[in-house]
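Reading through the structure tokens given below for one structure.
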Ligand SMILES: Nc1ncnc2c1ncn2[C@@H]1O[C@H](COP(=O)(O)OP(=O)(O)OP(=O)(O)O)[C@@H](O)[C@H]1O
Ligand SMILES: [Mg+2]
């Protein structure tokens, strides 16, 4: 990933505490501090609760994390622009209820029609938000604050109209299995080995190409270290997922939610890192007037980001409905959006635009799920959970804003 | 981009109505350009001819309207009134894309860089090299290194450094390099040496001469009259939103230039196009 010259700190395998602080200050700390934080959390909960690291609980934790991860990724499309969507929890809810209502209940539409349709609905909602922000020059937080109320209303209307007492439950198999189904242990291996292999080939080939062109490349040792940690992480996960985690029946394998997360992560990262659209989304977050002066149709790419945020939120909604086994008119979209933004920011995405990565939502989402899951296990109250998440978020935002000051000599 | 039949016939507009005399003699001609910001009249009535392959220095006091004029030429905004001719044909330059399509590239006074992107990404912003739908990072990085080397920008450690981490002079060098990297016919530089050290300033002045040797027209804004007299072939002086004088550099000396900048008039100095017609 890193393309710095061999003599710069990033490429050196050893780095000092001083380096770490410098990187923290300039926002180039990478994922190391946050992973250390996650490890500390995990260690703490492991000591406090012997079930925390059981196969069943870890699998459950990843399923819980999925909604935070996907909503976090949805939010990152906008955070990169320096925008935000405060209604994203309810947008996800609308995607979820569209799917659940049409696929089940009285309509029984084919699932292969309903899922794309639900995603189209949330994408259109994103486009609507984007259009209001762009055409009327309104701040996105105001438009989507209105959206939070408006879409909550639409959601209640949709669900209560079904006459099923404010809850529509899900019986359709495909949608229900999105989260609750598992790959067989064999496929768990295939998917994991395949992903790691692909990632390794990608990294090695990328560096080899740079070397062939005579450009500085990351030393092979670092690449090997990265691939090595990936292999270990994948191995641990496969072993956990493939452990039988039920008492009376046999239940094992990777939940479908995981490959879905990975796919969205890869697709999002591809757009952001490898295409013009991604380049412009970062650039607009940095200095939109500069992008306009470079002859780029800035509004087209802003609208694209809003659309992608809506699409990703829709996917999050489908998985949410799948996990809940239906959808109720009481879903707490307001809290979901807080977790979404928190996931992105805890992972390292800036609230001020121009800096962030899709992987941040994965790490932030897992951290939030860890707090959520671990605290519930050791019997802490909801009050404590909220406060702990708030403190982690505050710490992340502080790092973000300090990083901005460390970088921003000119703005 | 080029002339539509109607626009060719309606070229009188609010301008002075004096169409550029001969075709292709001037690369760019401005007639009666005005720009208002609400009640503020930043440009009143500017007539200016920019010949191909020559260096035109645009000078004037702070707030005279120099940046406003070059932003108008660069398509940052449409002029309130006036006509623009490119190689004798009337054109509309209402967006940065219009200007870039004509072959105009600009170094803005504020540099217009994205601090969160690295040097390569800034150099190619809006003109990325691609292979299929993916960015060709290697080609862009190699060429960036080459361009910076040609400009003797040797102080940057890595072209993958974020622009936000560069010094003021390095940032300016990147902005200049970006403007001259692609094939253009007119390069506009708004105070390109303001933040540069002695040797970098020398480099940029050499670069300006080099561009004009290659037949590329240059408009350069500078407050440094020594530099202006070193590189410019022609001089254009702005005062309070009007172009008060323009002509061959040999018709001016430092005294008359200073007089024009401060008072807007000077005995014996060439008048602007507007009053000569
Ligand atoms: N976007 C704008 N909105 C309102 N007024 C503006 C705007 N841009 C420029 N002006 C006004 O137009 C006038 C000319 O400004 P301009 O930036 O063109 O001056 P300049 O000749 O480039 O000065 P300097 O040498 O200080 O860069 C100033 O009075 C300025 O306040
Ligand atoms: Mg200026």
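How much length is gained on full extension from residue A:32 to residue A:233, taking 0.36 nm per residue of separation minus their Cα-Cα distance?
70.9 nm
If you average 1/r over all unlike Cα pairs in chain A and invert the result, what Kirkwood radius do you get in angstrom?
Evaluated over chain A, this radius sits at 22.3 Å.
With label points built 7 Å along Cα→Cβ from the Cα atoms of residue A:113 and residue B:155, find their separation and express it in nm.
It works out to 6.7 nm between the two label points.
Given labels modelled 7 Å from the Cα in the Cβ direction, how far is it in nm from residue A:47 to residue A:382?
It works out to 2.9 nm between the two label points.
Rank the residues A:141, A:62 as a footprinting-exposure proxy: fewest other Cβ atoms within 10 Å of their Cβ go first.
The order, fewest Cβ neighbours first, is A:141, A:62.
Just from the alpha-carbon atoms, what are the Rg and Dmax of the range A:182-253 in angstroms?
Rg, Dmax (Cα atoms, Å): 16.8, 60.
Quick one: compute a quarter of the convex hull surface over the Cα atoms of the range B:31-129 and quote it in nm².
7.9
Which value in nm describes the separation of the simple spin-label points at residue A:171 and residue A:289, placed 7 Å from the Cα toward the beta carbon?
Those two pseudo-labels are separated by 6.1 nm.
On average, how much area does the Cα convex hull of the range A:236-345 cover when viewed from any direction, in nm²?
Over every viewing direction, the Cα hull of the range A:236-345 projects on average to 10.0 nm².
Taking only the Cα atoms of the range B:217-261, how large is their convex hull per residue, in Å³?
76
Taking other Cβ within 10 Å of each residue's Cβ, how do A:189, A:151 sort, fewest first?
A:189, A:151
Once the Cα atoms of the range A:116-226 are picked out, what are the Rg and Dmax in Å?
23.7, 68
Compute the FRET efficiency between residue B:265 and residue A:277 as 1/(1 + (r/R0)^6), taking r as their Cβ-Cβ distance and R0 = 56 Å, and round to the nearest 0.05.
After rounding, the FRET efficiency stands at 0.60.
Just how many % of Cα pairs in the range A:328-402 lie over 16 Å apart, if you round to the nearest whole percent?
So the portion of pairs separated by more than 16 Å is 51 percent.
Given the alpha-carbon gyration tensor of the range A:46-148, what are the semi-axes of its equivalent ellipsoid in whole angstrom, ordered largest first, with each equal to the square root of 5 times an eigenvalue?
Working through the eigenvalues yields semi-axes of 31, 23, 10 Å.
Pop the C-beta distance of residue B:62 and residue A:131 into the FRET formula with R0 = 45 Å and round what comes out to the nearest 0.05.
Here the calculated transfer efficiency is 0.65.
What Rg and what Dmax come out for the range B:140-277 when only alpha-carbon atoms are used, in angstroms?
17.2, 54
On alpha carbon coordinates alone, what is the Rg over Rh value for the protein assembly as shown, Rh being the Kirkwood radius?
When Rh is taken as the Kirkwood radius, the ratio is 1.06.
Rank these for me by crowding, A:44, A:320, A:301, B:252, going from fewest to most other beta carbons within 10 Å.
Final ranking by Cβ density, sparse to dense: A:44, A:301, A:320, B:252.
Any chance you could give the angle, 0 to 90 degrees and rounded to 10, that helix B:168-181 forms with the longest Cα principal axis of chain B?
Approximately 80 degrees, to the nearest ten.
Could you pull the Cα extents of the range A:307-354 along its three principal axes, largest to smallest, in whole Å?
Reported extents, whole Å, longest axis first: 36, 21, 15.
Using a Förster distance of 45 Å, how high is the FRET efficiency between residue A:220 and residue A:250, based on the Cβ-Cβ distance and rounded to 0.05?
0.60
Over chain B, how many percent of alpha carbon pairs lie in each 10 Å bin up to the one with the longest distance?
So the P(r) values, bin by bin, are 7, 29, 34, 21, 8, 1, 0.
What number do you get for the range A:264-323 when its Cα radius of gyration is normalised by 2.2 N^0.38 Å, N = residues?
1.31
Values quoted throughout were computed directly from the atomic coordinates according to the rules given, and no laboratory measurement underlies them. Just so you know, these numbers come straight off a predicted model, no measurement behind them. Neighbour counts run over all protein chains shown; Cβ positions are idealised from the backbone, glycine included.
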